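The values are calculated or read from the model by the stated rules, or taken from the named source; none is laboratory data. Because the structure is a prediction, the values reported are computed rather than measured. Cβ placement follows ideal geometry from the backbone for every residue including glycine, while neighbour counts extend to all protein chains displayed.
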Amino acid sequence: MRPSFRGLKLCNMGAMLCRRIARAAIPMMCLLALAVVPAEADDPSQKDEHPVADAAEFIAGGAAGFVLHEAGHLLFDVVFDAQPYVKTVHFGPLPFFAVTHPGGLSPRREFVVSSAGFWTQEATSEWILTRRPDVRHEHAPFAKGMLAFNVLTSVGYGIVAFARAGPVERDTRGMASSIRVDEPLIGALIMAPAVLDAYRYFKPGSRWAVWTSRGVKIGSVLLVLR
């Protein structure tokens, strides 16, 4: 059976996503690995571990978080038959890309597509911190890499939203325009659970942080009903 044009298009998009990971996500995760892996290596309980392998696993966790973020957008693009495609964008001098689509979606669907990457991040962070609340003291470079990517990406998007800067394809702008609120409010909504999850990483026994984080995450999803 001949593959459909749509199927070939999605395959090409997947290949492009993989190529972009090395250019965008991995350099950032390398810097994080330099900070996190030595701390694990200094822990007497981790003497038998291999710092180079741990750094690679940490970076792989961050890359996985990146792929899941973009896959969240792509999933709902496909569900809503939005004809997604990959577009090269620039943040200042830095080349990047965005999974985008032509206009024409209803405001509610536009909000879902724009939010999906953050929902994926928040869900995976919640899964990690709920399943392994003391992950900070565990030998878990992959989980820590994914959590670091999720937190830093949300904080970065939040800062950009406050400044109303960056490419017009940015997720926070799409969310704000679809439900007609100021973009800085979306920035705060994105940053809040990320900051709380970072706090939970260092203070796993804090119940107020756990439930406040979960409440904000649920609230962000409920905005689709606005």
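Tell me, yes or no, whether region 98-108 has at least one residue that is at pLDDT below 70, under 14 Å from the mean Cα position of the chain (by Cα) and not in a loop (DSSP other than H, G, I, E, B). Yes, that holds for at least one residue. The residues of region 138-166 include none that are free of Cβ contacts under 8 Å to residues at least 60 places away in the same chain, in a helix (DSSP H, G or I) and over 17 Å from Met191 (Cα atoms).
It is to be established whether one or more residues within region 172-190 are closer than 19 Å to Val113 by Cα, within 13 Å of the chain's Cα centre (by Cα) and crowded, with 16+ Cβ neighbours inside 10 Å. The answer is yes, given that some residue of region 172-190 is closer than 19 Å to Val113 by Cα, within 13 Å of the chain's Cα centre (by Cα) and crowded, with 16+ Cβ neighbours inside 10 Å. Selection over region 61-75 of residues that are crowded, with 21+ Cβ neighbours inside 10 Å and either closer than 19 Å to Glu169 by Cβ or over 13 Å from the mean Cα position of the chain (by Cα) (or both) gives a count of 6. Scanning region 191-226 for residues that are closer than 16 Å to Val113 by Cβ and part of a loop (DSSP other than H, G, I, E, B) gives a single hit, Arg226.
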